[in-house]
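Trainee: Here it is, the structure, as structure tokens.
The values are calculated or read from the model by the stated rules, or taken from the named source; none is laboratory data. If you're wondering where the values come from, they're calculated on a predicted model, not measured in any experiment. Cβ placement follows ideal geometry from the backbone for every residue including glycine, while neighbour counts extend to all protein chains displayed.
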Amino acid sequence: MISVVVPAYNEEQNIAACLESLERQTIPRDQYEIIVVDGGSKDRTREIAARYADLVFIQTSRKVGGARNDGSMKAEGEIIATTDADCIIPPDWLEVIRRGFERDPSVVQLYGPVDPMEGGIKNHLFLALANTFSRFGYYSGTFYYTLGCNSAFRRDAFMEAGMYACIDAGDDLEIARRMKELGRVKFENRMRVLFSMRRYEQYGTIRSLYEWVYIVSKGGESEKLSYSRKEYKK
């Protein structure tokens, strides 16, 4: 069993497409569950999610990391996969994840690259650079550029590591440092998701990156900026 945890906040425009893509996986539907953890949305996010997910509930922990943790605590699967409510998931995503863990018992975390959901040379170039950065970190053994929208864990190791940190930004990078103490953290190129570039299109790439780097440099918390709860244009 694989448990897919999807944090969501005011995602009525996007969550149906995300969950529909999760419904179209190449492994049988009874071999995975979908858990949507809502951050107290003011729109129809929970109502829409209930049409597809096995479980929908309001989070009780702080931040997006806390939402992922809340979902993981209720998960029944031996593998926990995390993505975001505005992502589109390729049909073989869960099959790639399952095979990755089956082939190598030492692997405790898998992560992969992201492709832009929106068109445009700028978006493709930006994520191509981000994916190159991620590959360089992995193959050089210097860092793990993991993303919460495209990661998977062995449940027991994830719990032992202490799960995600409940911070504003960088929680998906920080967890890999603790997971590698328990086993192998592996980059899997076939494990891809379509990633929404709406933050960068609406607020600008440079500004969005500055805010993210600023918050991470402050230990993941910042009173100056609110990175994880921005309101996006419909």
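Trainee: Given PRO105, PRO91, which one is without any contact (Cβ under 8 Å) to a residue 60 or more places away in the chain and assigned to a loop (DSSP other than H, G, I, E, B)?
Mentor: PRO105
Trainee: With the condition kept exactly as written, say whether any residue in the range 128-143 is in contact with a helix residue (DSSP H, G or I) (Cβ under 6 Å, 6 or more places away or on another chain) and buried (at least 16 other Cβ atoms within 10 Å of the Cβ).
Mentor: Here is the first cut: in the range 128-143, the residues in contact with a helix residue (DSSP H, G or I) (Cβ under 6 Å, 6 or more places away or on another chain) are 143.
If we keep only those that are buried (at least 16 other Cβ atoms within 10 Å of the Cβ) too, we end up with none.
No, the range 128-143 has no match at all.
Trainee: Here is a further query. Report whether or not ILE58 is of a type in the set (Val, Ile, Thr) and touching a helix residue (DSSP H, G or I) at 6+ places or on another chain (Cβ under 7 Å).
Mentor: The answer is no for ILE58.
Trainee: Which condition number in (1) closer than 23 Å to ASP30 by Cα; (2) at pLDDT below 95 is the one that ARG154 fails?
Mentor: (2)
Trainee: Which residues, taken from the range 54-76, are surrounded by fewer than 20 Cβ atoms within 10 Å (Cβ to Cβ), touching a strand residue (DSSP E or B) at 6+ places or on another chain (Cβ under 7 Å) and not in a helix (DSSP H, G or I)?
Mentor: Result: ASP54, LEU55, PHE57, ILE58, GLU76.
Trainee: OK, next. Where residues in the range 150-168 are part of a helix (DSSP H, G or I) and in contact with a helix residue (DSSP H, G or I) (Cβ under 8 Å, 6 or more places away or on another chain), which of them is surrounded by the most Cβ atoms within 10 Å (Cβ to Cβ)? Spell out the reasoning first.
Mentor: Of all residues in the range 150-168, those part of a helix (DSSP H, G or I) come to 150, 155-161.
The next check asks that each one be in contact with a helix residue (DSSP H, G or I) (Cβ under 8 Å, 6 or more places away or on another chain); those that pass are 155, 157-159, 161.
On the way: ARG155: 18, ALA157: 17, PHE158: 26, MET159: 15, ALA161: 21.
So the residue we want is PHE158.
Trainee: What's the number of the condition VAL37 fails, among (1) closer than 14 Å to THR83 by Cβ; (2) surrounded by 19 or more Cβ atoms within 10 Å (Cβ to Cβ); (3) touching a residue at least 60 places away in the same chain (Cβ under 8 Å)?
Mentor: Only one criterion in (1) closer than 14 Å to THR83 by Cβ; (2) surrounded by 19 or more Cβ atoms within 10 Å (Cβ to Cβ); (3) touching a residue at least 60 places away in the same chain (Cβ under 8 Å) is unmet by VAL37, namely (3).
Trainee: Give SER21, SER41, SER3 a once-over and let me know the one that is out of contact with any Lys or Arg (no Cβ under 8 Å at 6 or more places or on another chain) and under 18 Å from ALA152 (Cβ atoms).
Mentor: SER21
Trainee: Is it the case, given these coordinates, that ILE121 is β-branched (Val, Ile, Thr) and within 17 Å of the chain's Cα centre (by Cα)?
Mentor: no
Trainee: Could you check, for the range 43-50, whether at least one of its residues is touching a helix residue (DSSP H, G or I) at 6+ places or on another chain (Cβ under 9 Å) and among the acidic types (Asp, Glu)?
Mentor: no
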